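The block underneath contains the structure these notes are about, expressed in structure tokens.
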Amino acid sequence: MKFLGLVIVCLTGGLLLYGSMDLPDWGDPASPASTHLSDYYIEHIVEETQVPNLVTAVLADYRGYDTMFETAVVFCAGLACFLLLRDFRPGKNRYYRHIPTGVMLHFKNPDTRMIPGNEFEHMDRDWVPSDIIIKTVCRILIPFIQIYALYVVAHGDFSPGGGFQGGVIFGSSLILMAISYNLKTLLKRVTEKFLSIFAATGVLIYVGLGVLAVIMGGQFLDYGMLAPLVPWDPGHVRALGMLGVEIGVGIAVMAVMVIIYVNIVSEGRHDEGL
Amino acid sequence: MNELLALIVAKYNFWLYIILMMIGLYAMIAKNNLMKKLVGMNIFQTAIILFYVSIGYKHGATLPIIQGGHGTHDAVIHAADYINPLPHVLMLTAIVVSVATFGVAMALCVKIYQRYQTLEEDELRIRLSEK
């Protein structure tokens, strides 16, 4: 099988290399990909949408449907992870740790339980003591990562940035918290309910802006129709509509990243993972 | 020989991506472990993403963000001054979808491991035929 695979791979690679002879040179401005549609985008985008960031303008305006269903795909992926893995059975065994001494208590009867306080804390079988250096560094870093994520989302339409990138940065800051502390610390602050509502809200904001444009008498996702709702500067309504859409995308992506991580690392038990 | 060398230099991006893509394809065909197959799929996707982004590049062009585009803008915009935004847009969404599909695939792997206690394909086949 290995040898056969190698032969197939070499054949495919050879054919592709042979086919690449007809492709345009590296960085050729006259290549077919750069001469037809993209020229129109570059030359007309500012007068049509008032957005200087071409990538965002194409993403959220010219190809708005594509991005909307892309967000729906991401939402469905989060949903699929949840439905495949989430485990609602209560844990049979309970573990407690005496904080000053580090002694572990193991209760086999699920009915007996302790109230975790200053002396004892509830923990899991796979518990690993967290390192104080990693904890401290991450505690200082995480707020700055989150502010940077919000900055990236807010710059979606005027300079490099956007909802997908900002959402992923924000989600990874939450994942960093789960890695450096433990999963319970994250889920105490960002509950499962909160994440699910956020994932759905993000998609709702995107679709809602499109429907709002229909209600205002335009086409689906035609942000220019929102002008009567915005009391200032009608020239920038399209840019503001795109910003709203990017915020929706950012919220959905952030929530789904954390949902996928939390469900996979703990096999759906939400107690302790990596 | 010199002609071939000139050809490779002009299109070295495609050569690199095809080699990367073939590494991913080989991992998907020949590896026995499902996780390794997934890693191969991710390498393959990354090669495609790099391929698209390299198509968007133009010599002597800058980022696809219009300079002085804030507020009123009267100067004529030349398409040759900015790199092609379309491949970037397509790949931006493709990256996110690849992460999402990777998450679903890993969830399936976790489920398979919980049920059959293995991720090796030949062992899986034996366990499947037992039941």
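The values are calculated or read from the model by the stated rules, or taken from the named source; none is laboratory data. Being a predicted model, the structure only gives us computed values, none of them experimental. Every residue, glycine as well, gets a Cβ built from its backbone with ideal geometry; the counts of neighbours run over all protein chains shown. Keep in mind that these areas ignore ligands, DNA and RNA; they rest on the heavy atoms of the full protein, side chains included. Shrake-Rupley method; radii C 1.70, N 1.55, O 1.52, S 1.80 Å.
Only a single criterion out of (1) open to solvent by 20 Å² or more (accessible area, probe 1.4 Å); (2) touching a Phe, Trp or Tyr at 6+ places or on another chain (Cβ under 7 Å); (3) within 7 Å of chain A (Cβ to nearest Cβ); (4) within 30 Å of A:GLU48 (Cβ to Cβ) is not satisfied by B:ALA80, namely (2).
Out of all the residues in segment A:133-191, which are of a type in the set (Ser, Thr, Tyr), open to solvent by 50 Å² or more (accessible area, probe 1.4 Å) and within 27 Å of A:LEU59 (Cβ to Cβ)? Within segment A:133-191, A:TYR148, A:TYR151, A:SER172 qualify. Looking across segment A:62-81, just one residue is touching a residue at least 24 places away in the same chain (Cβ under 8 Å), open to solvent by 30 Å² or more (accessible area, probe 1.4 Å) and over 15 Å from the mean Cα position of the chain (by Cα), and that is A:TYR65. Within segment B:8-18, the residues that satisfy the criterion of being free of Cβ contacts under 8 Å to residues at least 24 places away in the same chain, in contact with a helix residue (DSSP H, G or I) (Cβ under 7 Å, 6 or more places away or on another chain) and at the interface with chain A (Cβ under 7 Å from one of its Cβ atoms) are B:LYS11, B:TRP15.
So that you can scan it fast, the table gives a plain yes or no per residue for (1) farther than 16 Å from B:PHE51 by Cβ; (2) assigned to a helix (DSSP H, G or I); (3) facing chain B (nearest Cβ under 8 Å); (4) open to solvent by less than 10 Å² (accessible area, probe 1.4 Å):
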residue	(1), (2), (3), (4)
A:ILE8	yes, yes, yes, no
A:ASP25	no, no, yes, no
A:ALA30	yes, no, no, no
A:HIS44	yes, yes, no, no
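Please tell me if B:ILE18 is among the hydrophobic types (A, V, I, L, M, F, W, C) and either open to solvent by 50 Å² or more (accessible area, probe 1.4 Å) or over 15 Å from the mean Cα position of the chain (by Cα) (or both). Considered against the rule, which asks whether it is among the hydrophobic types (A, V, I, L, M, F, W, C) and either open to solvent by 50 Å² or more (accessible area, probe 1.4 Å) or over 15 Å from the mean Cα position of the chain (by Cα) (or both), B:ILE18 comes out as no. Of all residues in segment A:209-218, those being open to solvent by less than 50 Å² (accessible area, probe 1.4 Å) and either among the hydroxyl-bearing types (Ser, Thr, Tyr) or in contact (Cβ under 8 Å) with a residue 12 or more places away in the chain (or both) number 3.
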